[in-house]
Amino acid sequence: MAEIATLREAVAALVSDGAVLSMEGFTHLIPFAAGHEVIRQGHRNLTLVRMTPDLIYDQMIGMGCAAKLIFSWGGNPGVGSLHRFRDAVQTGWPRPLAIEEHSHADMAARYQAGASGLPFAVLRGYLGSDLPKHNTSISSVTCPFTGEVLAATRALTPDVAIIHAQKADRKGNVLIQGITGIQKEAVLASHKSIVTVEEIVDDLEAPMNACVLPAWVLTFVAEVPGGAHPSYAHGYYQRDNAFCKAWDSISRDRETFIAWMRKHVLGTQDFAEFRRSLELEVGVGRG
């Protein structure tokens, strides 16, 4: 059954150096607070998994947390490149970063396979693509019924999945509303999990056909209001587009990036303090 704890306690208990860590959330409910806590605790040699790595993985890569990235697209949404990601791949700063690139459909299928207890995923994909030439983990299998050759990739089974959601009840059941992305599958595919939520309530009041993760599939639940910022949380707050635009200039220069991270992430005790520190900077963190 899920244990309700602080985010600091949850990360300290589950995340270790060298772990395979999945942090999912599509468009909204991106677990920024949890990523910051991983950075604060100084974890290294992580394999980071995410379908669409954006600002939080840029920060984690830039702070030297990652040894490898497994992904299907990476960028600052609506703005452009992830400069810390690019720097790590091209120059090895602050440390070399291995990359394993897949298609969106493949990543989703790999999570689904892991969640289903299957050893690999099968999809009709990569026809005409050069990705299989550069990614030896993309293989093929022949259908025993039709003889068709299909793409096959190993199931994703991360050590820890971390997601953000709107609500949890006091038993540890979690309600996810809005775009669910691949969060459910990531949790079910992983050995352990942490869910940060906007609030803990007495009753989820989950509508019919809602996505509810039961307490028995989760390891830790932590209440972190605003924990998806600068992404949005459906029903709670909007995306902070000003932050995404500001991040482009903050992250371009190594020294500027490090100074910003030391001030706002390493120099704060938790995500609430991080948000307060941003409010002192004009045009950043006011979304």
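The values are calculated or read from the model by the stated rules, or taken from the named source; none is laboratory data. As the structure is a prediction and not an experimental result, all values here were calculated from the model. FYI the Cβ positions are ideal-geometry reconstructions off the backbone, even for glycines, and counts take in every protein chain you see. Surface areas here come from the heavy atoms of the whole protein model, side chains and all, with no ligands, DNA or RNA. Shrake-Rupley method; radii C 1.70, N 1.55, O 1.52, S 1.80 Å.
Within region 107-126, can one find any residue that is open to solvent by 40 Å² or more (accessible area, probe 1.4 Å), modelled with pLDDT under 95 and either over 24 Å from Pro230 (Cα atoms) or not assigned by TED's automatic domain parsing to the domain that holds Arg254 (or both)? Yes, because at least one residue in region 107-126 is open to solvent by 40 Å² or more (accessible area, probe 1.4 Å), modelled with pLDDT under 95 and either over 24 Å from Pro230 (Cα atoms) or not assigned by TED's automatic domain parsing to the domain that holds Arg254 (or both). For region 204-223, residues that are among the aliphatic types (A, V, I, L, M) and open to solvent by 40 Å² or more (accessible area, probe 1.4 Å) total 3. Restricting Ser140, Ser103 to residues that are of a type in the set (S, T, N, Q) and within 21 Å of the chain's Cα centre (by Cα) narrows the list to Ser103.
Of all the numbered requirements in (1) open to solvent by less than 60 Å² (accessible area, probe 1.4 Å); (2) on the phi < 0 side of the Ramachandran plot, Gly226 misses one, and that requirement is (2). The strands (runs of 3 or more DSSP E) found wholly in region 177-232 and carrying at least 3 residues that are free of Cβ contacts under 8 Å to residues at least 40 places away in the same chain occupy 192-201. Looking across region 16-38, the residues that are open to solvent by less than 10 Å² (accessible area, probe 1.4 Å), over 15 Å from Asn76 (Cβ atoms) and aliphatic (A, V, I, L, M) come down to Ala19, Leu21, Met23, Leu29, Ala33, Ala34, Val38.
Applying the condition of being of a type in the set (Val, Ile, Thr) and closer than 27 Å to Pro31 by Cβ to region 127-167 and asking which residue is surrounded by the fewest Cβ atoms within 10 Å (Cβ to Cβ) yields Thr157.
Can you name the residue in region 46-80 that is outside any strand (DSSP E or B) and aromatic (Phe, Trp, Tyr) and, of all such residues, is surrounded by the fewest Cβ atoms within 10 Å (Cβ to Cβ)?
Among those residues, the one meeting the criterion is Trp73.
Of all residues in region 241-279, those satisfying the criterion of being open to solvent by 40 Å² or more (accessible area, probe 1.4 Å) and more than 16 Å from His229 (Cα to Cα) are Ser249, Arg252, Asp253, Arg254, Glu255, Thr256, Ala259, Arg262, Lys263, Leu266, Gly267, Gln269.
Listed conditions (1) within 21 Å of Val195 (Cα to Cα); (2) surrounded by 13 or more Cβ atoms within 10 Å (Cβ to Cβ) are all met by Arg170, apart from (2).
Please tell me if Pro158 is within 26 Å of Thr47 (Cα to Cα) and either more than 17 Å from the chain's Cα centre (by Cα) or assigned to a loop (DSSP other than H, G, I, E, B) (or both). Taking the combined requirement at face value, the residue satisfies it.
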